[in-house]
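Take a look at the structure set out below.
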Amino acid sequence: MLRPYRIDDIDRIVEIENNTLNHSLGIDFYTNDLNNPFAKHYVYEIDEKIVGFISSYFDGEIIEILNFCVDNIFQSQGYGSKMLSAFFNQFEANSSILEVRVSNERAIHVYEKFGFKTIRIRKQYYSNGEDALFMQKVFD
């Protein structure tokens, strides 16, 4: 089940980020965004356990996905696709944008399955010098 995040979810969100991405936007980021009307952060629960989350900003037209993670032990079981489907059903948007590491083939495959197209490559986007694909999905 997808639901908006709450303050008591933040530690788990940061844990999943650190485990899957090796970094986190941080406790302060998510705490401050609780009162941000543009912040649209959601957790995905199975049996009341948070197994994934998606953080984004929405300005009324464009959904900018910041982070999208499924806990390592729940990956490759279809939860990411279920979470993205439920997430996109929350909005009436023109498009969605995101960046993804060029090495993250699993995520790229999921995004392409949902209609994202690579717009350009952002050279040395990440702190380790890795390039990012800048991707966009246009809604019908």
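The values are calculated or read from the model by the stated rules, or taken from the named source; none is laboratory data. Since this is a predicted model, take the numbers as computed values, not measurements. Here Cβ is always computed from backbone atoms with ideal geometry, including for glycine, and neighbour counts include all displayed protein chains. The area values use the complete protein model at the heavy-atom level, side chains included, leaving out ligands, DNA and RNA. Shrake-Rupley method; radii C 1.70, N 1.55, O 1.52, S 1.80 Å.
Brief remarks on what is shown
- Taken together, the residues in the range 1-44 that are crowded, with 18+ Cβ neighbours inside 10 Å, in contact with a Ser or Thr (Cβ under 7 Å, 6 or more places away or on another chain) and not hydrophobic (A, V, I, L, M, F, W, C) amount to 3.
Matching residues to (1) at pLDDT 95 or above; (2) touching a Cys at 6+ places or on another chain (Cβ under 7 Å); (3) under 24 Å from residue 13 (Cα atoms); (4) of a type in the set (Gly, Ala, Ser):
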{"position": "42", "(1), (2), (3), (4)": "yes, no, yes, no"}
{"position": "63", "(1), (2), (3), (4)": "yes, no, yes, no"}
{"position": "69", "(1), (2), (3), (4)": "no, no, yes, no"}
{"position": "85", "(1), (2), (3), (4)": "no, no, yes, yes"}
{"position": "89", "(1), (2), (3), (4)": "no, no, yes, no"}
{"position": "97", "(1), (2), (3), (4)": "yes, no, yes, no"}
{"position": "110", "(1), (2), (3), (4)": "no, no, yes, no"}
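- Yes/no for residue 49 being closer than 19 Å to residue 9 by Cβ and without any contact (Cβ under 8 Å) to a residue 12 or more places away in the chain: yes
- Criterion violated by residue 123 - all others in (1) buried (at least 18 other Cβ atoms within 10 Å of the Cβ); (2) touching an Asp or Glu at 6+ places or on another chain (Cβ under 6 Å) satisfied: (1)
- Every residue from the range 49-98 that is charged (D, E, K, R) and open to solvent by less than 40 Å² (accessible area, probe 1.4 Å): 71
- Boolean, residue 106 is exposed (fewer than 15 other Cβ atoms within 10 Å of the Cβ), in contact (Cβ under 8 Å) with a residue 24 or more places away in the chain and either among the aliphatic types (A, V, I, L, M) or out of contact with any His (no Cβ under 8 Å at 6 or more places or on another chain) (or both): yes
- The single condition among (1) within 14 Å of the chain's Cα centre (by Cα); (2) of a type in the set (A, V, I, L, M, F, W, C); (3) open to solvent by less than 30 Å² (accessible area, probe 1.4 Å) that residue 114 does not satisfy is (3).
- The single residue among 36, 32 that is part of a loop (DSSP other than H, G, I, E, B) and over 15 Å from the mean Cα position of the chain (by Cα) turns out to be 36.
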